[in-house]
Amino acid sequence: MLQIFTSPLPALGVGGVLARDDWSLFLDAVSGELAGSPVVVDLTARGDVRGVIARGVLQAMRYDGDVIEVAVRMPTPGRISVLRHLISHPTGVASDSAKGLLPSLVLIEDGDGALTRVRFLTSPVFGG
C-alpha cells in the first residue's frame, strides 16, 4: 500500500490515497477530462533514483486489475509516437485533488515499491 507519510502528498494538501475499488473509475475520469493535457511522467525506484520517463501530452490512463497503463503522446518529427508506461501489480494510487476535482498530480506505487508520478503541467494556452 502507498506509504503516504514518505511521499510528497502531505505537503500538497491532498485528496489522498484512493481505495482500490475506485482506481478504474478515477483513472478513466482523469483520462477523459485531461486527455491532451501536457504531462511529465517520472519514476522513483528504490534507492530514491528518479528519472523522467515521458514528457508530452496525456493520451490515456487505465487500470485493468493487474496493470495500470499511462499512455503519453511524445512530440516527434513526422509521425505520432506514444509511450505506454505499464505499472505491474500496483499497490497504491493517490491524487492531490479532492473528490470530484481534477488532479495536478497522480502517484502510483507498484509491488516493488517504485513510485510513478504523473504531473499535469499548466498549458501556455490556459496560462494567465
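The values are calculated or read from the model by the stated rules, or taken from the named source; none is laboratory data. Since this is a predicted model, take the numbers as computed values, not measurements. We place every Cβ from the backbone using ideal geometry, glycine too, and count neighbours over all the protein chains shown. Keep in mind that these areas ignore ligands, DNA and RNA; they rest on the heavy atoms of the full protein, side chains included. Shrake-Rupley method; radii C 1.70, N 1.55, O 1.52, S 1.80 Å.
Observations on the model:
- Every residue from the range 46-58 that is surrounded by 10 or more Cβ atoms within 10 Å (Cβ to Cβ) and either over 17 Å from Ser24 (Cβ atoms) or in contact with an Asp or Glu (Cβ under 7 Å, 6 or more places away or on another chain) (or both): Arg50, Val52, Ile53, Ala54, Arg55, Gly56, Val57
- For the range 66-82, filtering for residues that are free of Cβ contacts under 8 Å to residues at least 40 places away in the same chain and open to solvent by less than 80 Å² (accessible area, probe 1.4 Å) leaves 9.
So that you can scan it fast, the table gives a plain yes or no per residue for (1) outside any strand (DSSP E or B); (2) more than 24 Å from Ala19 (Cβ to Cβ); (3) of a type in the set (Val, Ile, Thr):
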{"position": "Gly47", "(1), (2), (3)": "yes, yes, no"}
{"position": "Ala54", "(1), (2), (3)": "no, yes, no"}
{"position": "Glu109", "(1), (2), (3)": "no, no, no"}
{"position": "Arg119", "(1), (2), (3)": "no, no, no"}
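- Scanning the range 54-69 for residues that are closer than 19 Å to Thr122 by Cα and β-branched (Val, Ile, Thr) turns up just one, Val57.
- Scanning the range 83-108 for residues that are touching a residue at least 40 places away in the same chain (Cβ under 8 Å) and either loosely packed, with under 11 Cβ neighbours inside 10 Å or in contact with a Pro (Cβ under 7 Å, 6 or more places away or on another chain) (or both) gives Ser95, Asp96, Ser97, Lys99, Leu101, Ile108.
- The range 10-45: number of residues that are modelled with pLDDT of 80 or more and either open to solvent by 40 Å² or more (accessible area, probe 1.4 Å) or small (Gly, Ala, Ser) (or both): 18
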